[in-house]
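**Q** Below is one structure. I have some questions about it.
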Amino acid sequence: MVIAEVVRQLPDESAQHVVGYPSLFLLVALGSLVPVVPTGALVSTAAVVAFHQASPFALLVVFGIASAAAFLGDICLYWLGQRGVRSRNGSKWLRALTDRAAPERLAQAQEKLDEHGGTLLVLSRLVPAGRIPVMLACLLGRMPLRTFARGDVPACLAWAATYQLIGIVGGSLFPEPWQGVVAAVVLTLLISAAPAAWRRVRTWFGRGTGDAAGQ
């Protein structure tokens, strides 16, 4: 429902810009704060619509809006998390981040953060479900907001470029924008679900190996 509203084709292209670009910014920023909006699918579908527009700058505008909104959402969430770390009683935002980060993923993020530093922030944005554990590791490691922001800039740029590329590929494969939107959404959802599916497969095979060894 959210994606359909954002990428809805309006009769006047200028009117579409007025409605679509602010909606894209707000929804991506909101999705960076709370996990209720599929931000990657939003960027991909917006890229499909921009690909089919006459303006050659539409894709650049989508890229700029998506990366800026993602950065704003990340910074706001990190600042709210810092308040929880500094507070004796914590905060609901810090608890929400902790609940969204599996203990094993958090432990891996903390270990890799010590080894790779800010470079891990870029990778965390590109790996599905990797952003929150790395952000929480940065918070627990008392990384300053300024340091986090410097690493988050290239992370958001790389993230926006990746999902926009998915949209461009979907838009180039099909003549109708709605067909490209469907292809882009399906692809982004598959990418998002891949890590969880892989963990389940590993767990299933691990149990099978254990059972076989026990016999």
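The values are calculated or read from the model by the stated rules, or taken from the named source; none is laboratory data. Since the structure is predicted, the reported quantities are computational estimates derived from the model, not experimental observations. We place every Cβ from the backbone using ideal geometry, glycine too, and count neighbours over all the protein chains shown. Keep in mind that these areas ignore ligands, DNA and RNA; they rest on the heavy atoms of the full protein, side chains included. Shrake-Rupley method; radii C 1.70, N 1.55, O 1.52, S 1.80 Å.
**Q** Quick check, is Gly64 surrounded by 14 or more Cβ atoms within 10 Å (Cβ to Cβ) and touching a Ser or Thr at 6+ places or on another chain (Cβ under 9 Å)?
**A** Against the criterion (surrounded by 14 or more Cβ atoms within 10 Å (Cβ to Cβ) and touching a Ser or Thr at 6+ places or on another chain (Cβ under 9 Å)), Gly64 does not qualify.
**Q** Could you list, in sequence order, the residues of region 107-133 that are over 18 Å from Ala155 (Cβ atoms) and either under 20 Å from the mean Cα position of the chain (by Cα) or touching a residue at least 40 places away in the same chain (Cβ under 8 Å) (or both)?
**A** Listed by number, the list is empty, since nothing qualifies.
**Q** For region 23-61, enumerate the residues that are closer than 28 Å to Thr98 by Cβ, aliphatic (A, V, I, L, M) and open to solvent by 10 Å² or more (accessible area, probe 1.4 Å).
**A** Leu26, Leu27, Ala29, Leu30, Leu33, Val34, Val36, Val37
**Q** Continuing with the same structure: Out of region 97-135, which residues are among the small types (Gly, Ala, Ser) and not in a loop (DSSP other than H, G, I, E, B)?
**A** The answer is Ala107, Ala109, Ser124.
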